[in-house]
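> Below is a structure I'd like to ask you about.
The values are calculated or read from the model by the stated rules, or taken from the named source; none is laboratory data. Small disclaimer: the values here were computed from a predicted structure and weren't measured. Here the Cβ positions follow ideal geometry from the backbone for every residue, glycine too, while neighbour counts run over all protein chains shown. The area values use the complete protein model at the heavy-atom level, side chains included, leaving out ligands, DNA and RNA. Shrake-Rupley method; radii C 1.70, N 1.55, O 1.52, S 1.80 Å.
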Amino acid sequence: MSLILGCIADDFTGGTDLANNLVRAGMRTVQVIGVPDHDNPGAAPDCDAVVVALKSRTAAVAEAVAQSRAAAHWLRREGATQIYFKVCSTFDSTPHGNIGPVAEALMDELGADFAVVTPAFPENARTVFKGHLFVGDQLLSDSPMKHHPLTPMTDANLVRVLQAQLDPARGRRVGLIDYRCVAQGAAAIGQRIGALREQGFAFAIADALSDDDLRRLADASAALPLVVAGSGLAIGIPARHGLQPDAQAAKLPPPGGAAAVLSGSCSAATNAQVAAFIAGGGEALAVDPLRLAAGHDAAAEALAWARPRLDARRALLVYATAAPEAVRAVQQQLGAEHAGALVEQALSRIAVGLVEAGVGRLVVAGGETSGACVQALGIAQLRIGTQIDPGVPWCHAATPLRREGLHLALKSGNFGGSDFFSRAFGLP
Ligand code: ADP
């Protein structure tokens with residue numbers, strides 16, 4: 001059977017989050033890292049959905065656009081009839097992009113004139129009401145996302161946020177499909193899409209307060225060549241193709257090897273997870289960006305520290321995770337981008353060293369951080385297994401560094417309960 005759904009995720013944790021929702025709803029899904037070889041048609045894995053994971057969320061706009069277009073082109077050639085551009089459930093972006101420019105480029109690539117946009121993921125407390133994104137009970141702009149090191153989100157009005165990212169010369173406008181319309185069902189949403197199209201709108205932020213809202217939106221978007229969404233909308237897509245939840249879809253090889261966590265996320269959730277791990281007696285080592293900038297070889301230090309401590313029953317933690325004030329102080333000295341790059345480089349070198357030293361189960365916290373680590377580990381493809389917490393599944397990947405392959409969990413900064421790091425390994 002040929003590919004049904006082609007997905008483009010703007011970071012690697014977002015890719016596994018999306019794949020997780022598709023697998024749970026019955027779609028056989030494979031995540032590939034980067035755009036596969038162009039000159040090799042028919043190379044798509046045998047599955048219902050492929051997620052092409054890019055590291056494009058904070059890349060230069062032109063690079064994000066080029067990679068996303070190439071991914072869409074490849075997915076369509078492999079048979080995908082709809083492209084799902086997966087963005088962050090907190091709409092992580094800056095006034096320059098990359099959600100708007102990539103969405104416009106995908107429209108051009110697909111010849112689409114309208115796309116529904118919704119980052120809602122109610123299972124993870126992301127809801128959209130009257131175009132405004134809520135994180136739990138807070139507006140996005142009041143939530144800890146206002147402190148994100150790379151993409152601080154200071155406006156919760158997604159109609160405004162997306163409009164500001166679009167090219168004024170193209171004249172595309174952003175409208176709203178509000179919760180009352182969504183509650184009425186797919187037919188009403190379809191009518192609203194028709195009306196917005198006639199009025200010259202090219203995008204609509206769609207409200208969604210519940211999984212049922214997302215299922216109605218997925219039904220109403222069935223004929224659109226492009227949807228732009230968090231992972232939530234995916235729960236409604238497999239059923240539309242007659243697919244049902246299937247436990248076999250999430251089966252991975254048995255895990256083995258030592259356990260470790262690498263954390264480069266500075267989100268509130270990850271800060272709580274690091275604190276809980278340390279408070280629970282877990283062995284942990286901090287990586288200091290200022291020392292990195294001064295030329296300190298943190299990777300060598302971390303690996304020398306970790307090697308004698310590696311254990312299959314107790315996870316080790318190496319982290320750069322810090323509170324917002326500390327991150328701000330570092331960024332003032334080094335610049336946000338340079339600080340981020342230094343930390344990503346150090347953590348990805350540590351990931352390689354840990355796997356070479358016998359780690360077979362690795363949790364990585366942070367989207368950008370996961371992207372850097374997965375690339376350094378030479379991973380091309382991920383199989384998606386069972387979910388640890390909403391949005392975070394265990395995955396299995398072949399890597400040149402470990403014959404049996406590696407079990408990996410890529411945790412988006414904001415996801416997971418405070419005991420995530422110990423629970424992921426089945427520890428008390
Ligand atoms: P999240 O999923 O929470 O967004 P990311 O890994 O995507 O996490 O982004 C966090 C960014 O912050 C990364 O680029 C990381 O290298 C950087 N970073 C991590 N720790 C620090 C720190 N202590 N100071 C400054 N930047 C940091």
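> For the chain, take the longest principal axis of its alpha carbons; what is the angle in degrees between that and the long axis of helix 324-334, to the nearest 10 within 0 to 90?
80
> Quick one: pull the percent of accessible area on the chain belonging to carbon and sulfur, 1.4 Å probe, ligands and nucleic acids left out.
Using a 1.4 Å probe with all protein chains present, the chain comes out at 52 percent carbon and sulfur.
> Now a separate question. Rg and Dmax of the chain over Cα atoms: what are they, in angstrom?
Computed over the Cα atoms of the chain, radius of gyration and Dmax are 20.6, 66 Å.
> Is the C-alpha gyration tensor of region 153-278 telling us rounded, prolate or oblate? Criteria: a/c under 1.5 is rounded; beyond that, a/b larger than b/c is prolate, otherwise oblate.
Because a/c hits 1.5 or more and a/b fails to exceed b/c, region 153-278 counts as oblate.
> So, taking all protein chains as they sit and a 1.4 Å probe, how much accessible area belongs to Glu123, in Å² rounded to tens?
Approximately 80 Å² of Glu123 is accessible to the 1.4 Å probe.
> Which is farthest toward the positive dipole end of region 59-106 among Ala80, Val61, Phe91, measuring Cα position about the Cα centre, with Cβ charges +1 (Lys, Arg) and -1 (Asp, Glu)?
Most positive-ward Cα: Ala80.
> Right, next: Based on the alpha-carbon gyration tensor of region 55-201 and its eigenvalue square roots a ≥ b ≥ c, which shape applies: rounded if a/c is under 1.5, prolate if not and a/b is larger than b/c, or oblate?
Oblate is the answer for region 55-201, as a/c is 1.5 or above yet b/c matches or exceeds a/b.
> Another question about this same structure. If you roll a 1.4 Å probe over the heavy atoms of the protein chains, what accessible area per residue do you get for region 5-244, in Å²?
Value returned for region 5-244: 34 Å² of accessible area per residue.
> With axes computed from alpha carbons, what is the tilt in degrees of helix 186-198 against the longest principal axis of the chain, rounded to the nearest 10 within 0 to 90?
Tilt of helix 186-198: around 70 degrees.
> Can you bin region 251-424 into rounded, prolate or oblate? Criterion: square roots of the alpha carbon gyration tensor eigenvalues sorted a ≥ b ≥ c, rounded for a/c under 1.5, prolate for a/b above b/c, oblate for the rest.
prolate
> With springs connecting C-alpha atoms under 10 Å apart, model the chain as a Gaussian network and identify which of Glu337, Glu368, Glu404 has the largest mean-square fluctuation.
The residue that fluctuates most here is Glu337.
> At what distance in angstrom do the alpha carbon centres of region 341-404 and region 139-196 lie from each other?
33
> Of all trypsin sites (Lys or Arg not before Pro) in region 301-409, which ones are in loop regions per DSSP and have a Cβ with at most 12 other Cβ atoms within 10 Å?
Taking region 301-409 and a limit of 12 other Cβ atoms within 10 Å, the loop trypsin sites (Lys or Arg not before Pro) found are Arg313.
> Report, in degrees rounded to the nearest 10, the 0 to 90 angle that the Cα long axis of helix 99-110 makes with the longest principal axis of the chain.
60
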